[in-house]
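Here the structure is laid out as structure tokens; the discussion comes afterwards.
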Amino acid sequence: MDALRLVDEHLQQDPDELEIQMLRAECLIAIGRFETALELARQIRARAPQQDSAAELVRMLEENLSNPASTDRVATWRNWQSEVPQELLLRMQRSVHSYTYRGVQLVKDPFDLALYPLLLWRLRPGTIVEIGSKAGGSALYFGDLLTNFEISGEVHSYDVFPVEDVEHPLVRFHRGDGQHLDEVIDAETLAGWARPLLVVEDADHSYETSIAVLRFFDAHLQPGDWIVIEDGNLSDLYPALYPNGTSGPHRALREFLSGTDGRYRIAAELCDFFAYNATSNSNGFLERID
């Protein structure tokens with residue numbers, strides 16, 4: 001900060017000195033003001049296109065600040081593996097089952113605990129439908145996010161063993177099997193849910209459940225709704241059991257997306273936010289677009 005103050009004092013005397021402007025950009029980078037530094041570097045490049053250092057600084061900052069492409073309509077070209085090393089995935093896997101939120105078990109890895117708030121803030125879902133309640137920590141977490149973000153929504157969480165000891169004003173727990181959702185979610189229920197919908201499939205990680213949930217909601221989702229298939233990264237955790245991306249969720253996603261004629265896109269901006277498929281839900285954040 002002291003260096004930045006000195007630079008700013010100098011620029012008050014000579015605001016057009018390019019070398020000092022470059023020094024200011026470097027000072028901004030040093031204190032984490034990357035976007036401001038990029039804007040300044042672009043201005044310097046425009047004024048002095050022959051200055052290689054400004055062009056290189058723009059290139060570096062644009063590369064580091066850019067978001068992944070967000071228009072992936074098909075899954076065929078995307079690798080199903082994660083860049084996160086298997087050793088780290090295994091260490092996180094051992095820890096997430098001991099993690100609690102407000103005293104309730106919440107089985108989500110650190111990446112997804114950071115990604116879901118981004119999605120909820122952006123989507124502002126009217127209804128979150130969770131398939132697989134576990135101990136209820138995830139539904140509680142979603143309910144608190146809705147409250148904290150002042151989103152007028154609600155959470156409906158379904159499980160074959162419905163949670164009975166977790167309460168939240170925006171959360172309802174129901175009995176339901178992900179492979180037979182038609183038995184518990186009828187047309188009247190669907191019509192009563194506020195949009196947009198966010199469906200989170202986090203049940204038993206089997207192909208049968210994942211594909212059943214995808215097919216059921218495909219008939220009811222509208223453009224702008226989302227569905228998330230969790231825990232495809234079992235392929236990365238246990239490659240000997242699930243070689244070449246063949247975990248149950250991955251198999252279901254591949255099969256489903258190959259037959260939807262571009263109705264969905266894989267949200268790379270979430271899957272790849274921290275690194276390529278740095279999420280338990282690898283290639284599993286889907287937005288309905290058609």
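The values are calculated or read from the model by the stated rules, or taken from the named source; none is laboratory data. Keep in mind the model is a prediction, meaning the values are calculated, not measured. Here the Cβ is made from the backbone with ideal geometry for all residues, glycine too, and neighbour counts use every protein chain on show.
Figures for the structure shown
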| quantity | calculated |
| --- | --- |
| Condition met for Val166 (surrounded by 16 or more Cβ atoms within 10 Å (Cβ to Cβ) and either over 22 Å from the mean Cα position of the chain (by Cα) or of a type in the set (Gly, Ala, Ser) (or both)) | yes |
| Members of segment 46-65 found to be assigned to a loop (DSSP other than H, G, I, E, B), exposed (fewer than 12 other Cβ atoms within 10 Å of the Cβ) and not polar (S, T, N, Q), listed by number | Pro49 |
| Neighbours by Cβ (under 6 Å, 6+ apart or cross-chain): first from segment 106-120, in contact (Cβ under 8 Å) with a residue 40 or more places away in the chain; second crowded, with 22+ Cβ neighbours inside 10 Å and not in a loop (DSSP other than H, G, I, E, B) | Leu115/Leu270 |
| Segment 117-157, subset hydroxyl-bearing (Ser, Thr, Tyr) and buried (at least 23 other Cβ atoms within 10 Å of the Cβ), residue farthest from Thr189 (Cα to Cα) | Ser138 |
| Number of positions in segment 117-172 that are under 18 Å from Ala203 (Cβ atoms) and among the hydrophobic types (A, V, I, L, M, F, W, C) | 13 |
| Residue, surrounded by the fewest Cβ atoms within 10 Å (Cβ to Cβ), within segment 28-39, restricted to residues that are at pLDDT below 80 and assigned to a helix (DSSP H, G or I) | Ala30 |
| Unique residue being assigned by TED's automatic domain parsing to the domain that holds Thr209, closer than 22 Å to Asp272 by Cβ and in a helix (DSSP H, G or I) when the list is Leu146, Leu119 | Leu119 |
| Odd one out for Phe173, checked against (1) free of Cβ contacts under 8 Å to residues at least 24 places away in the same chain; (2) over 20 Å from the mean Cα position of the chain (by Cα) | (1) |
| Residue within segment 54-77 that is more than 24 Å from His174 (Cα to Cα), of a type in the set (A, V, I, L, M), in contact with a Phe, Trp or Tyr (Cβ under 9 Å, 6 or more places away or on another chain) and at pLDDT 90 or above present | no |
| Number of positions in segment 158-192 that are closer than 16 Å to Ile131 by Cβ and not in a loop (DSSP other than H, G, I, E, B) | 15 |
| Qualifying residue in segment 79-99 (condition: closer than 27 Å to Asp177 by Cβ and either touching a Phe, Trp or Tyr at 6+ places or on another chain (Cβ under 8 Å) or loosely packed, with under 15 Cβ neighbours inside 10 Å (or both)) | yes |
| Residue list for segment 224-261, restricted to those being touching an Asp or Glu at 6+ places or on another chain (Cβ under 6 Å) and of a type outside the set (A, V, I, L, M, F, W, C) | Glu230, Pro249 |
